[in-house]
Structure formats: C-alpha cells, structure tokens
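Report on one structure; see the data block that follows.
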Amino acid sequence: MNYQKILEEIEKQIQTELPKGEVASYIPALKNVQANDFAMSIKLLDGTTYNIGCFDKKFSIQSISKVFTFAMALKLYGKDLYQRVWYEPSGNPFNSLVQLEYEKGIPRNPFINAGAIVTTDSLLSYYKDKNLTFNEINQFINNLSKQNISFDEEIFKSELESGYRNQALASLMKSFKNIDNPIEETLETYFKHCSLMMSCEELASAMLFLANHGVDPLTNEEFITAPKAKRVNALMLTCGHYDASGDFAFHVGLPGKSGVGGGIVAIVPKKMAICVYSPRLNKKGNSHSGTKALELFTTLTELSIF
C-alpha cells in the first residue's frame with residue numbers, strides 16, 4: 001500500500017476543514033499556536049515512517065500523556081489500580097465534577113482528568129518524590145520515542161495558575177481519600193507531564209509499542225505485558241475521546257487518544273502507530289481536522305479494527 005500517496009490525498013482533502021473549530025483557550029499559553037497547522041505521521045512496525053505537513057513541529061501533548069502514565073501505573077500496580085480508577089466510559093466532559101461526587105471520588109477511567117490525576121498520584125506514591133516521578137515519566141516516554149523530550153515551562157505555569165477545575169477534582173478525591181499525596185505535588189506532576197512537547201513523528205514512534213502487544217518492535221524491549229497493552233488499547237477505544245469516544249469509534253474505528261493541544265494518536269494493531277496534529281478543536285475538545293483525517297485514513301486504507 002502506498003501510504004505516502006494516501007497521506008498526501010488526505011492533506012489535499014483536509015484543507016477545507018482546517019478553518020473549522022477553535023483553539024483551546026482555557027489554558028492561556030495554548031492559544032499561542034498556528035491555528036491552521038496540520039501534520040500527520042505513521043510509523044510501521046519495521047520502523048518505516050511516512051509524514052505530511054509540519055510533522056517535526058513540537059506541540060503540547062496534553063492528555064495524550066495520560067496513555068503513558070496509565071501504562072506505567074498499570075505496570076507497577078496491576079489490577080490493584082482499578083480500586084482507585086475504573087475502566088468504564090464516563091459519558092461526561094473530561095473535567096466533570098458531577099459524576100465524581102456520585103461515585104465517591106473514584107474516577108470512571110484513567111483518561112478523564114480525575115482519572116489521570118489519580119494515576120499520577122499512584123506514581124508519586126511509588127517514586128516518593130515529585131521531581132523523581134516526573135523524571136521517570138519523562139524517561140519512559142524518551143525510551144519509547146528514542147528522543148530527548150522536555151516540557152514547556154510557560155504552558156506548565158499557565159496550567160498551574162489556571163487549573164482551578166483540576167484543583168477542585170483533586171480536592172474532591174482527597175476528601176474521599178483517593179489522593180494519597182499532597183494535592184499540590186500531585187497536580188504539579190500532572191500539569192508537567194501534560195506540558196511535554198512532542199512532534200507527530202515522535203508521538204507515532206512512542207505509541208508503536210501499543211501496536212505490538214507492549215513490545216518495541218525495533219528493539220524487542222517489553223515496556224508492558226501483552227495483557228496490559230490490551231487493556232490500554234481497549235480504554236483508548238472506549239474512553240480516549242471523552243464523551244465523543246463512541247463517535248470516534250464509529251467514524252474512525254481505531255484505539256486513539258486525543259489532547260487539547262490538537263494532537264491525536266491512534267494505533268492499528270500489528271501494523272502501525274499514527275499521530276495527527278491540528279490545533280482547532282471541536283465542541284468536545286478533540287481536534288476537528290485530526291478526527292476527519294483519521295476517518296479519511298481508515299476509509300482509504302480499510303485499516304479499521306472493525
């Protein structure tokens with residue numbers, strides 16, 4: 001299959017979609033992007049990469065980092081993790097407080113904000129120190145992408161200063177005894193890994209292990225076991241796009257995870273990892289053109305898991 005030709009066809013067809021949607025504005029520093037940017041990268045299991053657009057331009061990965069922290073927490077705690085964070089779709093916005101109150105401080109899944117705060121807290125409990133915890137998360141992603149990535153200080157501080165809703169989520173969970181560490185340390189670590197900067201090409205490389213049962217196909221290093229990789233992929237399919245996860249599964253048909261920075265990662269099991277970047281978001285907080293591009297990709301290649 002001529003993947004480069006397919007990507008170029010997608011780039012041509014997506015042009016009319018690029019002006020649609022709005023750049024994330026609730027985190028002030030995220031406004032400072034080129035709103036009509038577009039990029040797409042795919043990486044095959046043999047390491048071959050195909051790219052279009054500004055594929056080497058770094059952007060804030062935001063909630064895509066939740067895939068990595070969930071994988072790390074699952075590796076450390078196994079099934080015990082599910083006592084603190086469940087694995088069901090939420091059907092609510094990613095930063096909803098209402099459901100959390102009803103369900104006594106246990107988040108529905110690790111990809112909504114509350115769930116990711118809990119998985120971050122579990123990593124902090126394991127590593128004991130906020131700087132060490134962040135360094136371990138950063139190193140995990142470095143090892144996956146084979147790059148040295150870092151976080152954006154301005155975006156991190158912007159989230160720290162404007163993250164009132166996340167502070168409320170953490171405080172509510174703390175009241176139900178589901179946050180073990182000081183709220184400030186847990187949130188600082190959470191905001192920091194959301195502020196990591198990566199390109200489409202780097203993210204496609206970092207996600208490749210999930211297309212290969214938890215094993216890096218290029219080095220044969222096992223990052224997580226096959227059963228755990230299956231769990232991560234299942235949750236990406238059912239929960240990776242918040243209350244639009246069903247819509248994404250319906251139109252795209254791949255396990256995927258979005259971030260309000262405009263990125264979406266997706267995997268085709270035993271074939272490839274994909275990343276698309278377009279910062280204008282739809283009403284559900286997912287990249288508008290990114291979602292359309294992935295729908296075009298699975299239509300043109302017939303590579304949906306369905």
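The values are calculated or read from the model by the stated rules, or taken from the named source; none is laboratory data. Quick caveat, the model's predicted, so the values are computed rather than measured. In this analysis, Cβ positions are derived from the backbone assuming ideal geometry, glycine residues included, and neighbour counts consider all displayed protein chains. Surface areas here come from the heavy atoms of the whole protein model, side chains and all, with no ligands, DNA or RNA. Shrake-Rupley method; radii C 1.70, N 1.55, O 1.52, S 1.80 Å.
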Using only helices, what value at 222 nm comes out for the chain when you add -39,500 (n - 2.57) per DSSP H run of length 4 or more and divide by the total residues, to the nearest 500 deg cm²/dmol?
-13500 deg cm²/dmol
Listed residues Val85, Val98, Val268; largest mean-square fluctuation, Gaussian network over the chain with Cα springs below 10 Å, found at Val98
Each residue of the range 259-270 in turn: what ³J(HN,Hα) in whole Hz from Karplus with 6.51, -1.76, 1.60 and θ = phi - 60°, glycine and Pro shown as x?
x, 6, x, x, x, 9, 10, 8, 10, 10, x, 6
Probe 1.4 Å, heavy atoms of protein chains only: per residue, the accessible area of the range 95-175 in Å² is 45
Once the other residues with Cβ under 14 Å from the Cβ of Ala206 are scored (Lys, Arg +1; Asp, Glu -1), what is the net sum?
+1
Report, ordered by chain and residue number, the aspartates and glutamates lying within cross-link reach of Lys284, taken as a straight Cα distance under 16 Å and ignoring same-chain residues fewer than 8 apart.
Glu22, Asp243, Asp247
For the range 148-199, build the charge dipole from Cβ charges (+1 Lys, Arg; -1 Asp, Glu) around the Cα centre, then report which of Ile155, Met173, Met198 sits farthest towards its positive end.
Met173
Between the range 194-244 and the range 274-306, how far is it from one alpha carbon centroid to the other, in angstrom?
17
Given Leu235, Phe250, Ser278, which one lies farthest toward the positive end of the charge dipole of the range 226-306, if we put +1 on the Cβ of every Lys and Arg and -1 on the Cβ of every Asp and Glu?
Leu235
With every protein chain present, what is the per residue accessible area of the range 190-306 (1.4 Å probe, Å²)?
31
Using the Cα centre as the reference, give the magnitude of the dipole from point charges on the C-beta atoms of the range 1-128 (Lys, Arg: +1; Asp, Glu: -1; all else neutral), rounded to the nearest 20 debye.
360
Using a 1.4 Å probe over the heavy atoms of the protein chains, calculate the carbon and sulfur portion of the accessible area of the chain as a whole percent.
50
Spin-label point model (7 Å from Cα, Cβ direction): what's the Gln139 to Glu153 distance in nm?
2.3
Calculate the spin-label point distance for Glu9 paired with Ser304, positioning each point 7 Å from the Cα along the beta-carbon direction, and give it in nanometres.
1.6
Mind putting a number on the dipole of the chain about its Cα centre? Charges go on the C-beta only, +1 for Lys and Arg and -1 for Asp and Glu, and I need it in Debye to the nearest 20.
520
Just reorder Met173, Met197, Met1 by solvent-accessible area, largest first, 1.4 Å probe, all chains present.
Met1, Met197, Met173
Could you list, bin by bin from short to long, the percent of Cα-Cα pairs of the range 1-133 in 10 Å steps?
10, 27, 28, 26, 8, 0
Which residue, Thr219, Thr69, Thr291, has the most motion in a Gaussian network model of the chain that connects Cα atoms within less than 10 Å?
Thr219
Cysteines of the chain lacking any other cysteine beta carbon under 4.7 Å?
Cys54, Cys194, Cys239
Simple spin-label estimate for Asp129/Lys271, 7 Å along Cα→Cβ, in nm, reads 4.5
How compact and how long is the range 71-174, expressed as Rg and Dmax of its alpha-carbon atoms in Å?
14.4, 42
Charge dipole (the chain, unit charges on Cβ, about Cα centre) - positive-most of Trp86, Gly21, Leu208:
Trp86
Apply the Karplus curve 6.51 cos²θ - 1.76 cosθ + 1.60, θ = phi - 60°, to the phi angles in the range 289-295 and return the couplings in whole Hz, x for Gly and Pro.
6, x, 5, 4, 5, 5, 5
In a Gaussian network model of the chain with springs linking alpha carbons closer than 10 Å, the residue among Ser145, Ser65, Ser289 that fluctuates most is Ser145
Taking the 0 to 90 degree range and rounding to the nearest ten, how far is the long axis of helix 65-77 tilted relative to the main principal axis of the chain, both from C-alpha atoms?
60
Could you order peptides 108-114, 155-161, 210-216 by the average number of other Cβ atoms within 10 Å of their residues, highest first?
108-114, 210-216, 155-161
So the FRET efficiency between Asn2 and Thr219, C-beta based with R0 = 35 Å and rounded to 0.05, is 0.80
The number of Lys pairs in the range 1-66 whose alpha carbons lie under 22 Å apart, excluding pairs fewer than 8 residues apart on one chain, is 16
